[in-house]
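Derivation of every value follows stated rules applied to the coordinates shown; laboratory data play no part. Keep in mind that what you see is a predicted model, and the values were worked out from it rather than measured. Don't worry about glycine lacking a Cβ; one is built from the backbone with ideal geometry, like all the others, and counts go over all protein chains shown.
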Amino acid sequence: MTPPTRTRQQRKRDALNRLVCDTDAWVATADAGSGTPYLVPLSFLWDGGILLVATPSSSPTSRNLQATGKVRLGIGPTRDLVLIEATVQGSVAASEIPDVVGDAFAAKTGFDPRQLTGAYRYFRLRPQRVQAWREANELEGRDLMRGGAWLAPD
C-alpha cells in the first residue's frame, strides 16, 4: 500500500531529519576529462547548510571533486530518498581541519580521518538542489531546493 503524499513542508522536515540523523550517503562524481562516473559510500556531517565528507586525497572522488566541483549524494533507502546536487565550497587536508570540526565529524560518523596514516581531505559541499520522494505519488513536487534556496518555509 502506498503511503499518502507528504506536503513539501513535511518532506523538507523529513529530509532535514535524514541529514541530521543519517550517517552515510552514496556519493557520485565524474572524471572531468572522460566523464567516467564514480560512486562510493561516504560518511557525512551536516552543519545546517553544508555537508562535510572525507576521502583519501588520492582517490578518484577527491580528484573528481577538485577538478569539477560537482557532486550528487543519495541519502536513505530507495523508497525514502533524499537526492542532493551540491558544489564544492572548499577542501582541507585532514591535518589542517579545525579540531572542533574534526571532532564533530568523528563523533557523528564514528570515523576520524585525522587518526589515519594515509592522507585524507575533507570537502565542504553546499546543496544546490534537494529532492525527496518515497513513491511515484511523490514524484511531482519532489524538488525541495533549487539554486541553493529552499522552496518550502520552515
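Over all pairs of different C-alpha atoms, the stretch 100-144 has a mean inverse distance whose reciprocal, the Kirkwood radius, equals 13.7 Å.
Applying the Kirkwood pairwise sum to the alpha-carbon positions of the stretch 28-119 produces a hydrodynamic radius of 14.1 angstrom. In the chain, helices alone account for a calculated mean residue ellipticity at 222 nm of -6500 deg cm²/dmol, with every DSSP H run of four or more residues adding -39,500 (n - 2.57). Towards the positive end of the charge dipole of the chain, with charges on Cβ (+1 Lys, Arg; -1 Asp, Glu), say which of GLY147, PRO60, GLY48 has the farthest Cα. Positive-most Cα among the choices belongs to GLY147. The mean sequence distance of close C-alpha pairs (under 8 Å, at least 6 residues apart), as a share of the length of the chain, puts its relative contact order at 26 percent. Magnitude of the charge dipole for the chain, about its Cα centre and with charges confined to Cβ atoms of Lys, Arg (+1) and Asp, Glu (-1), is about 340 debye. Residues of the stretch 77-91 with an amide N closer than 16 Å to a point placed 7 Å from the Cα of THR68 along the Cα-to-Cβ direction: 84-89. For the chain, list log₁₀ I(q)/I(0) at each q in 0.15, 0.19 Å⁻¹, using the Debye formula over Cα point scatterers of equal strength and ignoring solvent, two decimals each. These q points yield log10 I(q)/I(0) values of -0.78, -1.16. With unit charges on the beta carbons (Lys and Arg positive, Asp and Glu negative) and the dipole taken about the Cα centre of the stretch 1-131, which residue among PRO3, SER91, THR117 sits farthest to the positive side? Among PRO3, SER91, THR117, the one farthest towards the positive end of the dipole of the stretch 1-131 is PRO3. Checking every one of the trypsin sites (Lys or Arg not before Pro) in the stretch 1-87 against DSSP loop status and a limit of 15 other Cβ atoms within 10 Å picks out ARG79. Share of pairwise Cα-Cα distances greater than 17 Å in the stretch 27-74 is 29 percent (whole percent). Which whole-angstrom value gives the distance between the alpha carbon centres of the stretch 100-132 and the stretch 52-66? Computed from Cα coordinates, the inter-centre distance equals 11 Å. Given a Förster distance of 35 Å, report the FRET efficiency between ASP47 and ALA136 from their Cβ-Cβ distance, rounded to the nearest 0.05. Plugging the Cβ-Cβ distance into 1/(1 + (r/R0)^6) gives 0.60.
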